[in-house]
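Each value in this text was obtained by applying a stated rule to the coordinates, not by laboratory testing. From a predicted model like this one, the values you see are computed outputs, not experimental measurements. Counting neighbours? That spans all protein chains shown, and the Cβs are built from the backbone with ideal geometry, glycine included.
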Amino acid sequence: MLKTILLLSTLLSFAFGDSLKITTPLQAFNNFKYTTQHDKKVSISDDIKTIIISYEKDTGRLVNKYLNTKYPPYLAKNRAIFIADIHEMPSIITKLFAMPKMRKYNHTIYIYDEDDFSKFAKPQDEKVTVIKIKDKKVDKIYYISTTQELKEAFEN
């Protein structure tokens, strides 16, 4: 009974606009719609352990540069996904420049381009957001800005 009440309160708090916090269920991320750089609709699977989020061009470049040095199934092997929130990018720039460049990457990028995701998973300026998942719930949230920190996020 207590577990049901806790789960219900967590889901209700998300439904009423609370932002991401420790114990938020992983499935809360699927309230948002993502496509890959190849226009494929995707959702976040239950086995994900690390979510990397970029909200800015420079942080996206940091993540893509790192992932580009890895073999294509690196994210899957590490049960991780990379989300690029591009909602602030002008659509003409997205179509003419960003998407063609993203399509060249071997790794999958979950692209989010609506306004409300950054209200859920709050960004920090010039930082990559790293979310660790344990038992299908958010376990840790931290922010990084270097390649070494990104490497450690995958290794820990």
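The table below gives the values:
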| item | result |
| --- | --- |
| Options LYS77, LYS127, LYS65; residue that is surrounded by fewer than 16 Cβ atoms within 10 Å (Cβ to Cβ) and over 17 Å from ILE44 (Cβ atoms) | LYS65 |
| Qualifying positions in region 25-51 - assigned to a loop (DSSP other than H, G, I, E, B), surrounded by fewer than 14 Cβ atoms within 10 Å (Cβ to Cβ) and out of contact with any Lys or Arg (no Cβ under 8 Å at 6 or more places or on another chain) | ASP39, LYS40, SER43, SER45 |
| Where a residue in region 130-156 is in contact (Cβ under 8 Å) with a residue 40 or more places away in the chain and its partner, wherever it lies, is among the basic types (Lys, Arg) and part of a helix (DSSP H, G or I), with Cβ under 9 Å and at least six apart | THR147/LYS65 |
| SER54 vs. criteria within 27 Å of GLN27 (Cβ to Cβ), small (Gly, Ala, Ser) and surrounded by 11 or more Cβ atoms within 10 Å (Cβ to Cβ) | yes |
| Criterion violated by ASP85 - all others in (1) surrounded by 15 or more Cβ atoms within 10 Å (Cβ to Cβ); (2) out of contact with any helix residue (DSSP H, G or I) (no Cβ under 8 Å at 6 or more places or on another chain) satisfied | (2) |
